[in-house]
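The values are calculated or read from the model by the stated rules, or taken from the named source; none is laboratory data. Since we're looking at a predicted model, the values are computed, not measured. A quick note on method: Cβ atoms are made from the backbone with ideal geometry, for glycine too, and the neighbour counts reach across all protein chains shown. Please note that ligands, DNA and RNA were not included when accessible areas were found on the heavy atoms of the full protein model with its side chains. Shrake-Rupley method; radii C 1.70, N 1.55, O 1.52, S 1.80 Å.
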Amino acid sequence: MTESNFSALEEFAIAVRSDDIDLGQTAFLISMAEYPHLDIKEELRALDSLAAAASRRFNSDKDPLYQANALSEYLFDEVGFVGNSQEYYDPRNCFLNEVISRRRGIPITLSLIYMEVGKRLGIIFEGVGMPGHFLVRSKISQESLLIDPFYGGILLTEEECAQRLRKIAGASVSWDKGYLDPVTDHELISRILRNLIAIYQMRQDRPRAVKFSKWLLTLESQTPLG
């Protein structure tokens with residue numbers, strides 16, 4: 001739980017005023033809208049523990065391709081994180097505490113865990129917000145290494161990303177290379193909230209849809225401090 005006199009939404013409003021958002025903490029604040037007694041410090045320690053265990057499998061002298069493969073093997077093969085394709089629209093897939101606890105999530109939350117563990121290891125991954133899907137990428141010289149955490153951290157080429165989009169959205173959808181541009185932290189958080197709103201609207205849970213619409217409006221009303 002938060003230790004200040006602010007509500008989770010008020011702390012969220014403060015957190016998203018920066019260009020450099022702490023994505024893990026901000027995602028846990030969103031979780032507090034549904035789990036008000038959540039201990040964010042304890043949840044952050046869970047991310048720290050994942051990184052500490054992963055670090056024992058790393059060689060800092062290795063290139064980004066080796067590091068990405070090592071991280072993927074740890075998170076998906078050893079720890080057991082997996083894309084929840086059978087219950088894709090379960091709202092628990094959007095709450096980071098639940099994803100860590102249940103070891104299952106959707107593309108954006110699994111990507112967020114990948115990015116946050118990588119950050120703790122000194123490896124910077126960027127979020128890639130394709131339509132209908134979410135990836136992470138790491139730069140290798142002038143080229144991007146594209147990783148799909150929803151499918152066990154497999155590596156994708158641009159053409160494979162285009163094929164994935166056509167599978168999701170239909171063959172008539174044209175590919176745009178800009179779909180592989182990185183998203184900002186604000187865009188990533190916005191997408192999590194939009195997913196929650198859509199899920200609760202689909203479930204005809206109007207109170208929760210309205211609640212997370214308020215969180216989205218709070219995000220959109222904040223001007224980053226720079």
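A few remarks follow.
- Overall Cα dimensions of the chain - principal axes, largest extent first, Å: 46, 45, 38
- A 1.4 Å probe run over the protein chains yields, for the chain, 51 Å² of accessible area per residue, whole-number rounding.
- Normalised by 2.2 N^0.38 Å, where N is the number of residues, the alpha-carbon radius of gyration of segment 54-142 equals 1.10.
- Choice from 207, 36, 182 showing the highest fluctuation, given a GNM over the chain with Cα pairs closer than 10 Å: 207
- Loop sites by DSSP among the GluC sites (Glu not before Pro) of the chain, restricted to those with at most 14 other Cβ atoms within 10 angstrom, leave 88-226 as the longest stretch without any of them.
- Annotation: lysines with alpha-carbon distance below 21 angstrom to residue 119 (same-chain offsets under eight excluded): 41, 62, 139.
- Gaussian network model of the chain, Cα within-10 Å springs - most flexible of 38, 75, 193: 38
- Accessible surface of segment 44-124 [probe 1.4 Å, protein heavy atoms]: carbon and sulfur percent: 44 percent
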